[in-house]
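The next block holds one structure in the form of structure tokens; read it before the comments.
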Amino acid sequence: MPNTGTESNILPREKIVGKEYYVDSDSFDDRDGFIWFDGEMVPWRDARVHVLSHALHYASAVFEGERVYGGEIFKLTEHTERLAESAQSLGFQLPYGTAEIDAACHEVCTANAIVDGYVRPLAWRGSEMMGVSAQATRIHLAIAAWPWPSYFSPEARMKGIRLQTSEWRRPSPETAPVKTKAAGLYMICTLSKHAAERDGFEDALMLDWRGRVAEATGANIFFIFGDDTLHTPVPDCFLDGITRRTVIGLARDRGIEVVERIVMPDELDRATEVFLTGTACEVTPVGSIDEHTYTPGEITKVLMEDYEKTVGKQPADAVSAA
Ligand SMILES: Cc1ncc(COP(=O)(O)O)c(C=O)c1O
């Protein structure tokens with residue numbers, strides 16, 4: 001059984017690299033602004049739930065992560081549709097339609113004056129029942145948004161992040177709705193990421209239950225093995241990310257061959273370039289996985305640039321590394 005690393009609970013904030021997840025206050029529940037909550041725009045600090053909410057006890061919640069670039073939410077409707085599919089996979093229906101949720105995401109960005117930022121819709125079961133069965137619980141929906149500027153210049157990002165292979169694995173599709181953004185699945189991701197951070201790495205590489213390379217804790221993974229072909233694991237037990245699909249399209253537009261196949265850990269030492277894709281990390285070069293090192297090269301760079309152009313990111317967004 002992997003070590004749960006409880007000491008990682010006391011890692012000082014400055015040692016944690018994913019600081020983009022922090023807002024400009026001590027805690028996410030304590031800042032100015034507004035959160036869209038069950039159809040109303042409420043002051044940020046008032047967006048609260050009861051401790052006897054089913055979701056808190058039994059992980060009956062689903063969420064999305066979206067990016068706003070220059071006032072536009074990238075692939076908003078795809079995200080909203082995925083939220084509805086995730087909810088469906090947990091046996092509930094969202095109380096609002098796709099167009100209403102899209103409009104609410106825009107409203108919350110306007111209310112908080114977000115031009116470049118992050119949007120977090122969340123749907124969960126309420127407190128009408130407190131037990132494994134949750135048939136009669138009310139479904140809630142909230143949407144928050146906060147600013148998210150780029151912290152690192154393209155040059156700093158090209159150094160690549162360091163990954164550690166996790167001892168925790170992605171489960172098989174028979175055990176959970178593994179291809180969704182159901183909150184419960186992120187227990188494994190948090191355990192893996194905490195272990196990696198405790199050991200001085202930025203993120204974890206997760207294998208699946210068969211021992212195949214799967215993904216990082218919140219991003220998909222791509223490999224180049226010394227030629228012009230991109231290789232990426234088949235998403236049969238993890239999220240087929242919207243960014244993953246976007247980058248596959250961008251690569252093919254450039255005539256780069258993309259192969260979706262089984263990737264085994266013993267191939268990691270032959271890779272020449274490795275990168276992650278995700279709404280949060282965009283296209284992020286990987287500098288090492290465990291003892292294997294990589295030099296992010298031309299294909300990674302070109303796809304980073306193509307992705308930035310596609311999402312409408314301005315080069316001026318990129319400021320010097322903090
Ligand atoms: C576990 C996991 N894998 C992959 C991704 C990448 O998905 P996307 O590109 O849709 O953000 C995410 C982020 O949503 C994630 O949480």
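The values are calculated or read from the model by the stated rules, or taken from the named source; none is laboratory data. Bear in mind that the values here come from a model prediction, so they are computed numbers and not experimental data. Here Cβ is always computed from backbone atoms with ideal geometry, including for glycine, and neighbour counts include all displayed protein chains.
Could you grab me the full set of residues in region 162-182 that are more than 15 Å from the ligand (Cβ to nearest atom) and in contact with a Ser or Thr (Cβ under 6 Å, 6 or more places away or on another chain)?
So in region 162-182, the residues more than 15 Å from the ligand (Cβ to nearest atom) come out as 162, 164-165, 167, 172, 174-175.
Answer for region 162-182, where residues must be more than 15 Å from the ligand (Cβ to nearest atom) and in contact with a Ser or Thr (Cβ under 6 Å, 6 or more places away or on another chain): just ARG162.
Please verify whether SER127 is assigned by TED's automatic domain parsing to the domain that holds ASP29, among the polar types (S, T, N, Q) and surrounded by 17 or more Cβ atoms within 10 Å (Cβ to Cβ), treating the condition exactly as stated. Outline the logic, then answer.
On the way: assigned by TED's automatic domain parsing to the domain that holds ASP29: yes; among the polar types (S, T, N, Q): yes; surrounded by 17 or more Cβ atoms within 10 Å (Cβ to Cβ): yes.
The answer is yes for SER127.
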Residue within region 217-239 that is farther than 21 Å from LEU90 by Cβ, within 17 Å of the chain's Cα centre (by Cα), more than 15 Å from the ligand (Cβ to nearest atom) and surrounded by 19 or more Cβ atoms within 10 Å (Cβ to Cβ) present: no
Where PRO315 falls short, out of the listed (1) modelled with pLDDT under 95; (2) over 22 Å from the mean Cα position of the chain (by Cα); (3) surrounded by 15 or more Cβ atoms within 10 Å (Cβ to Cβ); (4) not hydrophobic (A, V, I, L, M, F, W, C): (3)
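Going by what's in this entry, would LEU185 be described as within 16 Å of the ligand (Cβ to nearest atom), without any contact (Cβ under 8 Å) to a residue 24 or more places away in the chain, within 27 Å of VAL311 (Cβ to Cβ) and not aromatic (Phe, Trp, Tyr)?
Yes, satisfied.
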Checklist (1) within 15 Å of the ligand (Cβ to nearest atom); (2) over 28 Å from PHE74 (Cα atoms); (3) hydrophobic (A, V, I, L, M, F, W, C) applied to ALA251, failing item: (2)
Hits in region 249-290 (condition: touching a His at 6+ places or on another chain (Cβ under 9 Å) and closer than 14 Å to ILE221 by Cβ): VAL258, VAL259, GLU260, ARG261, VAL263, GLU267, LEU268, ALA271, VAL274
Any hit, region 199-212, residues being more than 16 Å from the ligand (Cβ to nearest atom) and within 20 Å of CYS281 (Cα to Cα): yes
Lone unmet requirement of (1) out of contact with any Phe, Trp or Tyr (no Cβ under 6 Å at 6 or more places or on another chain); (2) charged (D, E, K, R); (3) more than 15 Å from VAL286 (Cβ to Cβ); (4) crowded, with 16+ Cβ neighbours inside 10 Å for ARG169: (1)
In region 70-118, residue farthest from TRP36 (Cα to Cα) [restricted to those that are in a strand (DSSP E or B) and either within 14 Å of the ligand (Cβ to nearest atom) or over 18 Å from the mean Cα position of the chain (by Cα) (or both)]: GLU72
Residue identified as assigned to a loop (DSSP other than H, G, I, E, B) and surrounded by 15 or more Cβ atoms within 10 Å (Cβ to Cβ) among PRO285, PRO296: PRO296
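Scan region 310-321 and tell me whether some residue there is of a type in the set (Val, Ile, Thr), within 16 Å of the ligand (Cβ to nearest atom), within 25 Å of THR80 (Cα to Cα) and not assigned by TED's automatic domain parsing to the domain that holds HIS79.
Within region 310-321, the subset of a type in the set (Val, Ile, Thr) is 310-311, 319.
This time we only want the ones that are within 16 Å of the ligand (Cβ to nearest atom), so: 310-311.
Those still in the list that are within 25 Å of THR80 (Cα to Cα) too: 310-311.
Those left that are additionally not assigned by TED's automatic domain parsing to the domain that holds HIS79: 310-311.
Yes, region 310-321 contains at least one residue that is of a type in the set (Val, Ile, Thr), within 16 Å of the ligand (Cβ to nearest atom), within 25 Å of THR80 (Cα to Cα) and not assigned by TED's automatic domain parsing to the domain that holds HIS79.
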Test: GLY255 is of a type in the set (Gly, Ala, Ser), at pLDDT 95 or above and over 16 Å from ASP227 (Cβ atoms): no
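So that you can scan it fast, the table gives a plain yes or no per residue for (1) surrounded by fewer than 20 Cβ atoms within 10 Å (Cβ to Cβ); (2) at pLDDT 95 or above; (3) under 26 Å from ASP30 (Cβ atoms):
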site	(1), (2), (3)
ARG45	yes, yes, yes
HIS50	yes, yes, yes
HIS54	no, yes, yes
HIS57	yes, yes, yes
GLU78	yes, yes, no
GLU81	yes, yes, no
GLN88	yes, yes, no
GLN93	yes, yes, no
GLY97	yes, yes, no
